[in-house]
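Chemist: Attaching a single structure in structure tokens format; questions to follow.
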Amino acid sequence: MDIRQLVKTWFDKWEEGDFLNLPVAEHFEHTSPFGTISGKQAYLDLVKANEDKFLGYRFEIHDAIYDGQKACIRYTAIQ
């Protein structure tokens, strides 16, 4: 799966509430204004413990930068 399709799948899974099937590698790192979470299991555990805060959003994608296997996406989450 190329990086653009990976990003699309990521946002689709979130909108569906299907976070357990996010395309996440074991060495995954998620960085946000709230900090960095390292590792697939740590990330999924955090989401599971806070489902009421993480689920139920739709996303408006404003723009994206793709570079090889990296992406930076600017979006608005709407609940």
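The values are calculated or read from the model by the stated rules, or taken from the named source; none is laboratory data. This structure is a prediction, so every number in the text was calculated from the model and none was measured. Methodologically, a virtual Cβ is constructed for each residue, glycine included, from the backbone with ideal geometry; neighbour enumeration extends over all protein chains shown. What goes into the accessible areas is simple: the full protein's heavy atoms, side chains included, and nothing from ligands, DNA or RNA. Shrake-Rupley method; radii C 1.70, N 1.55, O 1.52, S 1.80 Å.
Chemist: For the chain, calculate the relative contact order in percent as a whole number, restricting contacts to Cα pairs under 8 Å that are 6 or more residues apart. Numbers along the way, then the final one.
Modeler: On the way: 89 pairs, mean separation 21.3, N = 79.
Relative contact order, the chain: 27 percent.
Chemist: Quick one: length gained pulling K8 to L44 fully straight, 0.36 nm per residue minus the C-alpha distance? Spell out each step's value before the answer.
Modeler: Numbers: separation 36, 0.36 × 36 = 12.96 nm, distance 1.88 nm.
Additional length available on full extension: 11.1 nm.
Chemist: Number of Lys-Lys pairs in the chain under 16 Å by Cα, sequence gap 8 or more or different chains?
Modeler: 5
Chemist: Once the other residues with Cβ under 15 Å from the Cβ of Y75 are scored (Lys, Arg +1; Asp, Glu -1), what is the net sum?
Modeler: Around Y75, the surrounding residues sum to +1.
Chemist: Moving to a separate point now. So what is the accessible area of the chain per residue, in Å², with the probe set to 1.4 Å?
Modeler: 73
Chemist: Let me ask something else. Which one of G17, G39, Y75 has its Cα pushed farthest toward the positive end of the charge dipole of the chain, where Lys and Arg give +1 and Asp and Glu give -1 at the Cβ?
Modeler: Y75
Chemist: Residue-wise, which Karplus ³J(HN,Hα) couplings in Hz belong to segment 27-37, taking 6.51 cos²θ - 1.76 cosθ + 1.60, θ = phi - 60°, and x for glycine or proline?
Modeler: 8, 3, 10, 10, 10, 9, x, 8, x, 10, 10
Chemist: Placing +1 at every Lys and Arg Cβ and -1 at every Asp and Glu Cβ, with all other atoms neutral, what dipole size does the chain have around its Cα centre, in debye to the nearest 20?
Modeler: Using only the charged Cβ atoms, the result is roughly 100 debye.
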